[in-house]
1. Is one or more of the residues making up the stretch C:93-112 hydrophobic (A, V, I, L, M, F, W, C) and more than 23 Å from C:Val31 (Cβ to Cβ)?
2. Has the stretch A:29-43 got any residue that is within 25 Å of C:Met152 (Cα to Cα), in contact with a strand residue (DSSP E or B) (Cβ under 6 Å, 6 or more places away or on another chain), within 13 Å of chain C (Cβ to nearest Cβ) and surrounded by 20 or more Cβ atoms within 10 Å (Cβ to Cβ)?
3. Name the pairs whose Cβ atoms lie under 6 Å apart, with the first residue in the stretch C:18-47 and polar (S, T, N, Q), the second in a loop (DSSP other than H, G, I, E, B), and 6 or more positions between them or separate chains?
4. Is the stretch B:234-242 home to any residue that is of a type in the set (A, V, I, L, M, F, W, C), within 12 Å of another protein chain (Cβ to nearest Cβ) and in contact (Cβ under 8 Å) with a residue 24 or more places away in the chain?
5. Taking B:Tyr215 and the conditions (1) hydroxyl-bearing (Ser, Thr, Tyr); (2) out of contact with any strand residue (DSSP E or B) (no Cβ under 8 Å at 6 or more places or on another chain); (3) more than 14 Å from chain A (Cβ to nearest Cβ), which numbered condition does it fall short on, given that it satisfies the others?
6. Please state which of the following conditions A:Ala59 fails to meet, knowing it meets all the rest: (1) outside any helix (DSSP H, G or I); (2) within 26 Å of C:Met203 (Cβ to Cβ); (3) of a type in the set (Gly, Ala, Ser).
7. Picking from B:Asp324, B:Asp309, which residue would you name as being of a type in the set (Asp, Glu), surrounded by fewer than 20 Cβ atoms within 10 Å (Cβ to Cβ), away from chain A (no Cβ under 14 Å) and part of a loop (DSSP other than H, G, I, E, B)?
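The values are calculated or read from the model by the stated rules, or taken from the named source; none is laboratory data. Since the structure is predicted, the reported quantities are computational estimates derived from the model, not experimental observations. Note that each Cβ is placed from the backbone with ideal geometry, even for glycine, and that neighbours are counted across all protein chains shown.
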Amino acid sequence: MDFGFKISPSSAVNLDNVDLSLYDRLAEVEPDIRKCIACGSCSASCPANRFSGMSVRKAILGLQRGKEKEVAKMLSTCMLCGKCSMVCPRGINTRHLILSICKFYKED
Amino acid sequence: MIYQGKQKIWADYQKEIPDDHWYYVRSCIRQNFFPGAEKMFLEICRNVLKKDFHENENHTTCGGIAYHCDTIPQETVMTIVARQFALMTEAGYENYVCSCITSFGNYIEILETWNEFPELETKIREMLWKACRREFNKPKYVAHASDLIYKYRNLIAERAKFRLVNKHTGEPLKVVEHIGCHYSKMFPSKGVGGAEYPYVLCGMIESWGGNVIDYPERRHCCGYGFRQYHVKANRGYSISNTHKKFESMEPYHPDMIITNCPGCPYFMDRWQYAIAEMEGKTYGENGYGIPVFTYEEVAGLVLGYDPWDLGLQLHQVAVEPLLDKIGIEYDPARKYEGVNHKDLQRPELPGVLRCC
Amino acid sequence: MKDNILIIGGGIAGLEAASQLLKLGYNPIIVEKSDHLGGHVADWNRLFPDMTPAEEVVSRLVAETSEANIFLNTEISFVNKLKDSYNIMLSNGISVITGTLLFATGFSMFDASKKEEYGYGIYNQVMTNRDLEHWFNTGKDARIPEEGPAAMGFVHCVGSRDEKARNPQCSKVCCITAVKQAIEMKQKFPEAMIYCFYMDLRMFGKKYEDFYISAQRDYGIRFIRGRVSEVSENIEGKLIVKAEDTLSGKPVKVTLDLLVLMAGIVCNPDTCKTAGLISLPVDSDGFLKSRDNIADITESPKEGIFYAGACTGPKTVPETLAEARSAALEIHNYISRKK
């Protein structure tokens, strides 16, 4: 029956259901992905960020929370300029990481 | 679950509830939703336990619904409440007990506000005098009606004809207790048992023979949320919350739900029908729902009152499977017979949720 | 005759100060209310940043103080102020006359059951940092199965940075303790999924940040920035933990087999009682008030009364030891000046 309103799905992330197998395989190749401290300097200096919402910080978090499709879409706007690698205080080779993410998540 | 741990918290949040002489105020909506509940409260307190409970036909809403829907300012709701207190004062009472949880929260919030800002109390006294030439004393004690049934729970158990026990298996019934948000979430110290693990309904269930279920979303709001339901565009949000609670309690197979709020039993009862229609899902046994009761109705049932005199025919979810489990007799033919044998007519039966 | 110096508290601060005072030629008298020396550190297993066994630290201090007078199971009954000294009556009937008192009364751990929403003492699988250290020491705790938890979490800031719990202060050591304990659990149970729920990570000390990086990179510990808001138990007896992942702005929910609450450091109520006997002031954070919080942290505003360690606020083990040495030197200077 249509009452004119619906039960809306929960926006909560249920960590029990997040499948990290692909992320773990990625982390074997890119162990530094785990070192992100979410400081945001990558996003702040990203030339694509203000036009497309591209953010390495959000991409890493998204993979950890099982939002693979959103991350793959976001990364398509990266210009691979490498500025984020320059500013990362944890020394993550973000440019290389982005290429690896694209490789891993496109395969599937 | 470590039961002793809960007992320790319960011991920290006990109230010294006066035993007798109360001024009683009703809820705006409960007489429509659960017409037998308030009647049963007075019946138990006055006629079974011989206590003094005074009622006055001049009392009004406490203004809580309008206040929580953001349609009246705080001074207005305070003046309405001041008038209620004036009626209590004029009747010569000092203990004030309300039927509604939101009223209870409203009274406590206002009294606490006046404690912190006495100049506001002075202003309200002036406004009340200008509006209707009344004066008031603040109540010595404000209780919610469930506090009193909690206080009298063992007296009720002594007189009980039935216990919350499955007569076929001898096992205690599995009971979900749901506390109205405004009972103690705003002022944990004002609720029996506090706000995280309230004891007010658990105490009744234990005293009357049932087993309390503590399920993950026990503390979650029923979903009513005033403007979340009253504005039709928000109703999906309201039912989503109720749905979440039922999904969480489902694995425990509860036999019944007891609540102490006007809105909660209504929404937990009626939304089971809406969820069944939307999702094709029911939460009770054999296609039935989980029956939802007010604590007064349950007190009436264990004391042996006729289920139809308690108004249980107005519930959406059929109560008969539960009555059968407890062994309470009822006449199916009398279900839709009102006071003075008036025919209430039979409602249309829903498509998915099984009803008797 | 050697000067008596009464040290209240036989934890690491009191022991270290006593050891130094012995070397300086004094007669330290330690009054300890419990039945053992070493205080909280004696209950711990290993200490950051080098995973030094806590027992090693305590036994070294105990050995160094073997010459001192030590009264266990003893408290201060009352204090009489004499002209330039104090007559202190102990609960064992002994009275001590001394011109110098050292408060090394330490801290209390926040009672985690006060945060009712976390269910400590109510849900079976919730424990504290201290309970976990106890398990590291003894291997005995029904909450930890032999095969280890499949998923577990650490809740930072339990009773710290919490105005409602009346402890607005940061307890300093919990962030690094949580990371240390998370690594230790991962070492024991490599298959376990381990979460840390934090507000922010205060990795101020030597090598702390290295610990954090290692926890992330080498141990795959998952850090979630958000305070746990509610814990409940499901039908299987597992814990359902709710928090907000504030980095993504979304609520998160996770089912865990074990939850460790990082109970914070609060002022020891017995300290306040004893301090009350000689009208010592308490600072706005509830800890004992120093003469000056920068220059004279080990001196009280009252002549002849000194402080060492966590009685003036949360401190790490090396900070406490350094402060105890500093207090011993202050005492030495004070007594020398008076003579």
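1. Taking every residue of the stretch C:93-112 in turn, at least one turns out to be hydrophobic (A, V, I, L, M, F, W, C) and more than 23 Å from C:Val31 (Cβ to Cβ).
2. Scanning the stretch A:29-43, I find no residue that is within 25 Å of C:Met152 (Cα to Cα), in contact with a strand residue (DSSP E or B) (Cβ under 6 Å, 6 or more places away or on another chain), within 13 Å of chain C (Cβ to nearest Cβ) and surrounded by 20 or more Cβ atoms within 10 Å (Cβ to Cβ), so the answer is no.
3. Cβ pairs passing all conditions: C:Ser19/C:Thr65; C:Asn27/C:Lys2.
4. Looking for residues that are of a type in the set (A, V, I, L, M, F, W, C), within 12 Å of another protein chain (Cβ to nearest Cβ) and in contact (Cβ under 8 Å) with a residue 24 or more places away in the chain, one finds at least one in the stretch B:234-242, hence yes.
5. So B:Tyr215 meets the others, but not (2).
6. (1)
7. B:Asp309
Residue by residue, here is whether (1) buried (at least 16 other Cβ atoms within 10 Å of the Cβ); (2) touching a Cys at 6+ places or on another chain (Cβ under 7 Å) holds:
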position: B:Gly263; (1), (2): yes, yes
position: B:Tyr273; (1), (2): yes, no
position: B:Tyr283; (1), (2): yes, no
position: B:Val292; (1), (2): yes, no
position: B:Val302; (1), (2): yes, no
position: B:Gln313; (1), (2): yes, no
position: B:Gln316; (1), (2): yes, no
position: B:Leu349; (1), (2): no, yes
